Amino acid sequence: MTDTIETTGPVQPPPPPEGPASPWAIRDFRLLWVGRVAAVLGIQIQSSALLWQVYEIARRDHPIAEASLYLGLVGLCQFLPLLALTLPAGALADRRDRKNTVTLSVLVEAGCAVGFLLMALHGNPPLWGLLAVAAVFGAARAFLAPASQAFLPMVVGRRALPPAIAAQSIAFQTGAIAGPALGGLIVGLSVPLAYASALAMFAVGVGSLLLIRTSGKPAPSPTRIPVVEQVREGLAYVWNTKIVLGAISLDLIVVLLAGVALLTPIFARDILHVGPEGFGLLRASFGAGALLVALYLSRFPIVKHAGRWMFASVAVFGVCTLTFGLSTSVWLSGAVLFLGGAADMISVNIRQTLIQLSTPDHMRGRVSSVSMLFIGASNELGEAYSGVAVRFLGPIGAAVFGGVGALTATGVWAKLFPDLRKADRLD
């Protein structure tokens, strides 16, 4: 494998570019992009409705600290299936058609939207029922994430991969902005309507994926080995590739400590007192900052001083989380979430580019599954952690502690992973 990431020592010339320079010139990429926008819109609208509904139900009988634990359960119920299934799903993505796996996963997510909708129409759904469907949704994501990440290079080729990753980030952040904002507004009208809107978005996503002509069959592995051995091989590759290990583990610890997604309904309802509309604003602010940076990176990708950019952006993310916890103004809270989203997008873009360019095609599913397991841990397990942190520290204390923890982790990881800190070129 030719390593295209420059660190120290002699640099080998990169291989000749493959495919067109712009991913937008590729029909199947445009369909994949539309499908991603629609699916992320559905996920975000559904997530907003679920978080608000669970917190409202919990607050009927419990104070803020105890109700926050129920929000943590939402994350935990999605994380446990991710923990159990993501690594086998990565091995599956290296053996089976990746496009079919992505399509089937989105279909299961649509089925979850149907389940949430039926329970919402019931009027007084049991919390255990909502959490059970959330667990099924987590299982679908376990198969979706590694297959979709490994499928992207098959659609665009090596030459267009860095701008394609930025463009896919635009798709994600478009949904991340519009989804929470729409979710907050629609939830204010009707929770069942929010779930129905999510279902419609999933249907658009499935339709776009079915129109893609590119084969999703992965390149054959040099040797045919059992699934368990494939999983072990993927873990060993990540462990021995310190740039990749450092990048995904830094994301794990920072988002685990400093992620504020679970805190937004608590701050909106009980600290800033801005209701579901303000909740939608806070949720959308983070995505708005990320979207603007993703748009810029799709045109002007980072190609030099990648390690420095990554560590600086993570430090800014920690400062924004700290400021969010201390803010008493919805406008200041929205502003620092906007800046935090912008910083996070720089980190995400660099990390994903490092992983994709460093990994041979026959291992992309497994390496992506390890990455997504770390991301799933930082997001879903982070929500569970936030629920416990709020229980003992209060919402403000949890946000402040997370921001300080993120800044500390940035310094520690810069010391532990010097190759990541010195990583230079991404072209």
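The values are calculated or read from the model by the stated rules, or taken from the named source; none is laboratory data. Not measured: the values here are computed from a predicted model. When we count neighbours, we look across all protein chains shown, and the Cβ atoms used for this are built from the backbone with ideal geometry, even at glycine. Surface accessibility is based on the protein's heavy atoms, side chains included, excluding ligands, DNA and RNA. Shrake-Rupley method; radii C 1.70, N 1.55, O 1.52, S 1.80 Å.
Scanning the range 294-318 for residues that are buried (at least 23 other Cβ atoms within 10 Å of the Cβ) and among the hydrophobic types (A, V, I, L, M, F, W, C) yields ALA294, LEU297, ALA306, MET310, VAL314, PHE317.
Could you tell me whether the range 234-246 includes any residue that is modelled with pLDDT of 80 or more and touching a helix residue (DSSP H, G or I) at 6+ places or on another chain (Cβ under 6 Å)? Yes, the conditions are met somewhere in the range 234-246.
Go through the range 319-338 and give me each residue that's out of contact with any Ser or Thr (no Cβ under 9 Å at 6 or more places or on another chain), open to solvent by 50 Å² or more (accessible area, probe 1.4 Å) and touching a residue at least 24 places away in the same chain (Cβ under 8 Å).
The initial filter retains those residues of the range 319-338 that are out of contact with any Ser or Thr (no Cβ under 9 Å at 6 or more places or on another chain), namely 319-322, 325-326, 328-331.
Within this subset, residues satisfying the condition of being open to solvent by 50 Å² or more (accessible area, probe 1.4 Å) are 319, 326, 328, 331.
The answer is VAL319, LEU326, THR328.
When you check LEU193 against the structure, is it of a type in the set (A, V, I, L, M, F, W, C), under 30 Å from LEU292 (Cβ atoms), at pLDDT 75 or above and open to solvent by less than 50 Å² (accessible area, probe 1.4 Å), yes or no? It is false that LEU193 is of a type in the set (A, V, I, L, M, F, W, C), under 30 Å from LEU292 (Cβ atoms), at pLDDT 75 or above and open to solvent by less than 50 Å² (accessible area, probe 1.4 Å).
When you scan the range 28-37, do you find a residue that is open to solvent by less than 30 Å² (accessible area, probe 1.4 Å) and touching a Pro at 6+ places or on another chain (Cβ under 7 Å), even just one?
Of the residues in the range 28-37, the ones open to solvent by less than 30 Å² (accessible area, probe 1.4 Å) are 28-29, 32, 35, 37.
Next, from what is left, pick out any that are touching a Pro at 6+ places or on another chain (Cβ under 7 Å): 29.
The answer is yes; a qualifying residue exists.
I'd like to know if the range 113-125 contains one or more residues that are open to solvent by less than 60 Å² (accessible area, probe 1.4 Å), out of contact with any helix residue (DSSP H, G or I) (no Cβ under 9 Å at 6 or more places or on another chain) and outside any helix (DSSP H, G or I). There is at least one residue in the range 113-125 that is open to solvent by less than 60 Å² (accessible area, probe 1.4 Å), out of contact with any helix residue (DSSP H, G or I) (no Cβ under 9 Å at 6 or more places or on another chain) and outside any helix (DSSP H, G or I).
If I filter the range 366-389 for residues that are assigned to a helix (DSSP H, G or I) and at pLDDT 75 or above, do I get at least one hit? Before you say what the answer is, go through the steps one by one.
Residues of the range 366-389 that are assigned to a helix (DSSP H, G or I), as a first pass: 366-389.
From what is left, the residues that are at pLDDT 75 or above are 389.
So far as the range 366-389 goes, yes, one or more of its residues are assigned to a helix (DSSP H, G or I) and at pLDDT 75 or above.
Tell me, yes or no, whether the range 48-71 has at least one residue that is in contact with a Pro (Cβ under 9 Å, 6 or more places away or on another chain), touching a residue at least 12 places away in the same chain (Cβ under 8 Å), under 24 Å from GLN168 (Cβ atoms) and in a helix (DSSP H, G or I). Yes, because at least one residue in the range 48-71 is in contact with a Pro (Cβ under 9 Å, 6 or more places away or on another chain), touching a residue at least 12 places away in the same chain (Cβ under 8 Å), under 24 Å from GLN168 (Cβ atoms) and in a helix (DSSP H, G or I). Of all residues in the range 76-103, those that are outside any helix (DSSP H, G or I) have Cβ atoms under 7 Å from Cβ atoms of residues that are buried (at least 24 other Cβ atoms within 10 Å of the Cβ) and of a type in the set (D, E, K, R), 6 or more apart or on another chain, in ASP94/ARG366. Residue pairs whose Cβ atoms lie under 7 Å apart, separated by 6 or more positions or on different chains, with the first residue in the range 245-260 and in a helix (DSSP H, G or I) and the second among the polar types (S, T, N, Q) and open to solvent by 20 Å² or more (accessible area, probe 1.4 Å), are VAL255/ASN379.
Go through the range 145-169 and give me each residue that's open to solvent by less than 10 Å² (accessible area, probe 1.4 Å) and not in a helix (DSSP H, G or I). The answer is ALA160, and nothing else. One residue is enough: does the range 348-365 have a residue meeting the conditions part of a helix (DSSP H, G or I), within 22 Å of PRO265 (Cα to Cα), in contact with an Asp or Glu (Cβ under 8 Å, 6 or more places away or on another chain) and modelled with pLDDT of 65 or more? Within the range 348-365, none of the residues are part of a helix (DSSP H, G or I), within 22 Å of PRO265 (Cα to Cα), in contact with an Asp or Glu (Cβ under 8 Å, 6 or more places away or on another chain) and modelled with pLDDT of 65 or more.
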